[in-house]
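Taking it in order: structure first as structure tokens, then the write-up.
The values are calculated or read from the model by the stated rules, or taken from the named source; none is laboratory data. Just so we're clear, the structure is a prediction, and the values are computed from it rather than from any experiment. A quick note on method: Cβ atoms are made from the backbone with ideal geometry, for glycine too, and the neighbour counts reach across all protein chains shown. Ligands, DNA and RNA are stripped out before the accessible areas are found, and what is left, the full protein with its side chains, is counted by its heavy atoms. Shrake-Rupley method; radii C 1.70, N 1.55, O 1.52, S 1.80 Å.
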Amino acid sequence: AVWLHTGTDIKAAVGVPVTAAADGVIIGYLVDSQFRGGVLIRHRTSFGTVITQYWHVWLRSGFAVGRRVKRGQVFANVASMGSRTHFHFAVFRGEFDSHTWNGALPPRPGCSGFPAFPYKYLNATAFVQAHSAS
């Protein structure tokens, strides 16, 4: 099945520091044998709640679920994925639900119970550009 990517992939070297996109709270961390570490950070903004998703990273010492982070604060490092090492960043609109971890979604609803792309995901590149300080 064809699945559409929910975020943006950025080529990066192993160990590169990963910073928080905005002030928020780490609400999720999981480790997957294929994708390495994944982190979710909830941000309360003037335009509603968004959750930023960071995949292929390892949390730094002292960071865990429940920890507050500041915009620009280093909280993780890029994990090794061999020749495919990169960083995945996504922006999810709204509160956490069962699909917030997804890195891809089918183009039509109903595929194994998944919603259709883009569901609650925003264009991550456009979102960051629109909300970056001038």
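The table that follows gives values for the structure above.
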quantity: Cα centroid of segment 88-131 to Cα centroid of segment 5-63, whole Å; calculated: 14 Å
quantity: Overall dimensions of segment 1-80 by Cα: Rg and Dmax, Å; calculated: 12.8, 40
quantity: Whole-angstrom Cα spans of segment 18-134 along principal axes, big to small; calculated: 39, 38, 26
quantity: Extension gain (nm, one decimal) between residue 11 and residue 35, 0.36 nm per residue minus Cα-Cα; calculated: 7.2 nm
quantity: Per-pair calculated FRET efficiency, R0 = 22 Å: residue 61 and residue 95 via Cβ, rounded to 0.05; calculated: 0.15
quantity: Inverse of mean 1/r across different Cα pairs in segment 70-122, Kirkwood, Å; calculated: 13.4 Å
quantity: Dimensions (Å) - segment 1-45, Cα atoms, principal axes, largest first; calculated: 35, 27, 20
quantity: Sulfur and carbon atoms: percent of accessible area, the chain [1.4 Å]; calculated: 56 percent
